[in-house]
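Following this message is one structure expressed as C-alpha cells.
The values are calculated or read from the model by the stated rules, or taken from the named source; none is laboratory data. None of these values were measured; they are calculated from a predicted model. Note: ideal-geometry Cβ built from the backbone for every residue, glycine included; neighbour counts use all protein chains shown.
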Amino acid sequence: MVAVIVAAVGAINWGLVGLLNIDLVALISGGLKFGETNIVSRILYIIVALAGIWAILAALEVV
C-alpha cells in the first residue's frame, strides 16, 4: 500500500510538471529550480521509481 501511495505522489508530481511546469520534488528538496538536482532530490526520485516498480509488480501479482 505504501508503494502505491508513493507512486501516486510521483504521478501527481509529473502532472504538475506537465500542467504547470512545477517540479514539486525540486521545491521540497531545497528550493531547487526545475531540472536541478541534489542528493535529496535524487534519493526521492529513486524512492518513487522503486515504488512504481513495486506497484506494477504487485498489480501483476508477482510480489
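Would you pick out the residues in the stretch 22-60 that are at pLDDT 90 or above and loosely packed, with under 10 Cβ neighbours inside 10 Å?
ILE39, LEU60
Within the bounds of the stretch 33-40, is there any residue that is farther than 20 Å from ALA58 by Cβ and under 11 Å from the mean Cα position of the chain (by Cα)?
No.
So, one more: Taking the stretch 5-21, which residues are among the β-branched types (Val, Ile, Thr) and surrounded by 14 or more Cβ atoms within 10 Å (Cβ to Cβ)?
Result: VAL6, VAL9, VAL17.
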